[in-house]
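One structure below.
The values are calculated or read from the model by the stated rules, or taken from the named source; none is laboratory data. It should be emphasised that the depicted structure is a prediction, and the values quoted were computed from it without experimental measurement. Counting neighbours? That spans all protein chains shown, and the Cβs are built from the backbone with ideal geometry, glycine included. For accessibility, only protein heavy atoms count, side chains too; no ligands or nucleic acids. Shrake-Rupley method; radii C 1.70, N 1.55, O 1.52, S 1.80 Å.
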Amino acid sequence: MNFDRLIVPLDRALRTLFAPAQSARPVPGADLEEAALSDSQRQLSASLMRINHTGEVCAQALYDGQMLAAPDEPVRKLLADAAREETEHLAWTERRLAELGGRKSLLDPFFYAGSFAVGAAAGLLGDRWSLGFLAETERQVEHHLEKHLGRLPEADRKSHAILAQMQADEVGHAVNARRHGGGELPLPVRHAMRLASRVMTGTTRWI
Ligand SMILES: [Fe+2]
Ligand SMILES: [Fe+2]
């Protein structure tokens, strides 16, 4: 393993956690008017957006972990392409969270580290499992976003637009991972992943 392959993830970790993320695409819903939300509506939107921001922090870490360990160049490229869209999700959720007057989760570094380790472990198992893990993660994220779209205050169209575009992108990531040979994960692994994401969503809603 060469030095560059270690220094790049480290640089990306620091940037993910401490620098503002950038988006090449326009922020979905940027042209929509800001709705007059009540305090409780705003708080609800902000707490859901904080969860989704941490989810995108985890996505950065998972992809970086997998890229570090992925043996094949074509798979690393697939991961890098999807990771670029995840960086945009990170930027959108970060910006919307700030607009709603919310703050990022204090647990982000903890979840980043855990997700990076899981991503690297999945990468070491080889492309079939690594891509299977990726596809399953994206599938679970897509379901999770569906739930959040149902829970967001109806009036908060700007947040709706962001989560809806993220959901569409995550579907694309899952399809690509399967197309490149991602296998179906064993049921206990899928359950464990759901449990881990429940820990993340349950804690970052408040902390
Ligand atoms: Fe994402
Ligand atoms: Fe994704």
Quiz item: Looking only at Ser23, Ser130, Ser40, which one moves most when the chain is put into a Gaussian network model with springs between Cα atoms under 10 Å?
Solution: Ser40
Self-check item: the chain: calculated mean residue ellipticity at 222 nm from DSSP helix runs of at least 4, using -39500 (n - 2.57)
Solution: -26500 deg cm²/dmol
Quiz item: Ignoring any ligand, DNA or RNA, what whole percent of the accessible area of the chain comes from carbon and sulfur when the probe is 1.4 angstrom?
Solution: 62 percent
Quiz item: Say each of Arg194 and Phe110 gets a label point 7 Å from the Cα, pointing the same way as Cα to Cβ; how far apart are those two points in nm?
Solution: 2.4 nm
Exercise. Mind checking the per residue accessible area of segment 46-171 for me, 1.4 Å probe, whole number of Å²?
Key: 37 Å²
Practice problem: Return the single residue from Val189, Val118, Val141 with maximal mean-square fluctuation; model: Gaussian network over the chain, springs between Cα atoms under 10 Å. | Solution: Val189
Quiz item: Which of the GluC sites (Glu not before Pro) found in segment 29-78 are loop residues per DSSP with 12 or fewer other Cβ atoms within 10 Å of their Cβ?
Solution: Glu33, Glu34
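Length gain on complete extension for the stretch Trp206 to Asp31, per 0.36 nm per residue less the alpha carbon to alpha carbon distance?
Between Trp206 and Asp31, full extension yields 60.0 nm more.
Exactly which GluC sites (Glu not before Pro) in segment 88-170 are in a DSSP loop and have at most 14 other Cβ atoms within 10 Å?
Glu154
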Self-check item: Cα point-scatterer Debye curve for segment 1-97, base-10 log of I(q)/I(0) at q = 0.10, 0.12, 0.22, 0.24 Å⁻¹
Solution: -0.34, -0.46, -1.14, -1.27
Quiz item: Which whole-number percent of Cα pairs in segment 3-56 have a distance greater than 12 Å?
Solution: 78 percent
Self-check item: the chain: most fluctuating residue of His53, His160, His180 per GNM, C-alpha cutoff 10 Å
Solution: His180
